[in-house]
1. Applying the selection to region 101-122, what residues are without any contact (Cβ under 8 Å) to a residue 40 or more places away in the chain and surrounded by 14 or more Cβ atoms within 10 Å (Cβ to Cβ)?
2. Does residue 67 count as modelled with pLDDT under 95 and either in contact with a strand residue (DSSP E or B) (Cβ under 9 Å, 6 or more places away or on another chain) or surrounded by fewer than 13 Cβ atoms within 10 Å (Cβ to Cβ) (or both)?
3. Is region 106-114 home to any residue that is more than 19 Å from residue 133 (Cβ to Cβ) and at pLDDT 90 or above?
4. Within region 33-58, can you find the residues that are surrounded by fewer than 21 Cβ atoms within 10 Å (Cβ to Cβ) and over 14 Å from the mean Cα position of the chain (by Cα)?
5. Looking at region 1-34 only, could you name the residues that are assigned to a loop (DSSP other than H, G, I, E, B) and either closer than 14 Å to residue 127 by Cα or modelled with pLDDT of 90 or more (or both)?
């Protein structure tokens, strides 16, 4: 990822989405009263890929706007506005696609329900916090990088 962003610090900004996802997983399992299982952990692995993808989409677009000559603050605000809808739509379709598993519809769905619960819980928190916290952290890291160079 460092090669993709041509920066060693931005991958850490992206990895910051993972604790947000973890918080959502814990809250989701507490809410439904299900114990963690192997399928839940498989759901966490799936969730990591989706949550990180949202941050990559946002930061890559912000970096492209900055490369086009936009100031840091303008690029962050414009990037947030332009990527809000695609990120929310991706998250919503994933959650809606997993609802039948969560409810237990279909053969064997009850066995896979913990996987869906983990993904849904983590996606809700990671998406909301990614849209707010990641741009703030991006600006902080970029300011630190600017001051040190």
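The values are calculated or read from the model by the stated rules, or taken from the named source; none is laboratory data. Bear in mind that the values here come from a model prediction, so they are computed numbers and not experimental data. No Cβ is skipped: glycine too gets one built from the backbone with ideal geometry, and neighbour counts run over all protein chains shown.
1. Of region 101-122, the ones without any contact (Cβ under 8 Å) to a residue 40 or more places away in the chain are 101-110.
Listed by number, the residues that qualify are 101, 102, 109.
2. Working: modelled with pLDDT under 95: yes; either in contact with a strand residue (DSSP E or B) (Cβ under 9 Å, 6 or more places away or on another chain) or surrounded by fewer than 13 Cβ atoms within 10 Å (Cβ to Cβ) (or both): yes.
Spelling it out, residue 67 is indeed modelled with pLDDT under 95 and either in contact with a strand residue (DSSP E or B) (Cβ under 9 Å, 6 or more places away or on another chain) or surrounded by fewer than 13 Cβ atoms within 10 Å (Cβ to Cβ) (or both).
3. If we filter region 106-114 for residues that are more than 19 Å from residue 133 (Cβ to Cβ), which is where we start, we get 106-114.
Right, trim to at pLDDT 90 or above and you get 113-114.
Yes, there is a match, as at least one residue in region 106-114 is more than 19 Å from residue 133 (Cβ to Cβ) and at pLDDT 90 or above.
4. 33, 34, 35, 36, 37, 38, 39, 41, 42
5. In the first step, residues of region 1-34 are kept if they are assigned to a loop (DSSP other than H, G, I, E, B); the result is 1, 6-9, 16, 33-34.
Within region 1-34, 16, 33 qualify.
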